[in-house]
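Here is the structure we will look at, set down as structure tokens.
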Amino acid sequence: MTYDDAIRMQNETARKVVMQDDFSQINRICGVDVAYIGDVAFCSAVVMDKNSQLVESVDSETEAKHSYVPGLLMLREAGPIFDTLEMLKSSYDLLLANGHGVLHPRKCGLACHIGVNLDKPTIGVAKSLLCGNVKPGGFVEMGGEILGYQVSSKMYISVGHKISLKTAIAILKEHGTEPLKKADINSKAQKMRKGLRT
DNA sequence: GCGACAG
DNA sequence: ATCTTGTCGC
């Protein structure tokens, strides 16, 4: 797949993103993250209940097919993430992904790509901005639209799919990002184990 | 043309 | 993301 193909795919997916709440209840939240040794991707997905109690955790080791290109993170991480989420036996109501959702040059960051393809409510959680400007109050504007929210100096969130920004903010303020933190720890632990036995 | 650039 | 020393602040 060429970069042009990927960009066309993003523009197409962007039209399918639902920026309104579309779920009955959030009982379980899944966080997914990837760590690397070169192009070997160590991915972890963690499902927790609303009280941050562990429900299930799975790990995978796959090969990253593309290098990282700003704006096209999905090319590098979507594959490993889909592979890992498929391993889960447990269901979940909300997905948390590291990276932006609609706060993206084409309004289709990694979280949108994952959310739309799995048809799951998804929130994008990023550590830094790719685009947009933070306004007083924390909302992030891009092209005259409010597309994200700055939770802290190192956390920006935006809609991935089937959830409103308002609800996304409320849920993260109430439940935090525990599944994502755990997935980060697990993916790095997995990488370290591999590093020691090679 | 130049700089900036999720993970 | 990953590499990577000392250093600033709570």
Which residue is farthest from A:Ile29 (Cα to Cα), if the candidates are limited to the stretch A:109-161 and must be over 14 Å from the mean Cα position of the chain (by Cα), surrounded by fewer than 22 Cβ atoms within 10 Å (Cβ to Cβ) and β-branched (Val, Ile, Thr)?
A:Val134
I'd like the full set of residues that are touching a residue at least 60 places away in the same chain (Cβ under 8 Å), of a type in the set (A, V, I, L, M), in a helix (DSSP H, G or I) and closer than 20 Å to A:Asp22 by Cβ, limited to the stretch A:160-198.
A:Leu165, A:Ile171
From A:Met87, A:Met74, grab the single residue that is farther than 19 Å from A:Thr167 by Cβ and within 12 Å of DNA strand B (Cβ to nearest atom).
A:Met74
Looking only at residues in the stretch A:20-64 that are aliphatic (A, V, I, L, M) and more than 16 Å from DNA strand B (Cβ to nearest atom), which one is farthest from A:Ser164 (Cα to Cα)?
A:Val58
Please specify each residue of the stretch A:38-76 satisfying the condition of being more than 27 Å from A:Ile171 (Cβ to Cβ), aliphatic (A, V, I, L, M) and surrounded by 14 or more Cβ atoms within 10 Å (Cβ to Cβ).
A:Val40, A:Ala41, A:Ala64, A:Leu72, A:Leu75
Out of A:Pro136, A:Pro105, which single residue is in contact with a Gly (Cβ under 7 Å, 6 or more places away or on another chain), farther than 26 Å from A:Val55 by Cβ, part of a loop (DSSP other than H, G, I, E, B) and more than 16 Å from DNA strand C (Cβ to nearest atom)?
A:Pro105
Within the stretch A:120-130, is even one residue in contact with a strand residue (DSSP E or B) (Cβ under 9 Å, 6 or more places away or on another chain), closer than 20 Å to A:Met1 by Cβ and within 16 Å of DNA strand C (Cβ to nearest atom)?
no
Can you go through A:Ser128, A:Ser153 and tell me which one is polar (S, T, N, Q) and within 12 Å of DNA strand B (Cβ to nearest atom)?
A:Ser128
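Bear in mind that the values in this text are calculations on the coordinates, not laboratory data. Not measured: the values here are computed from a predicted model. Neighbour counts run over all protein chains shown; Cβ positions are idealised from the backbone, glycine included.
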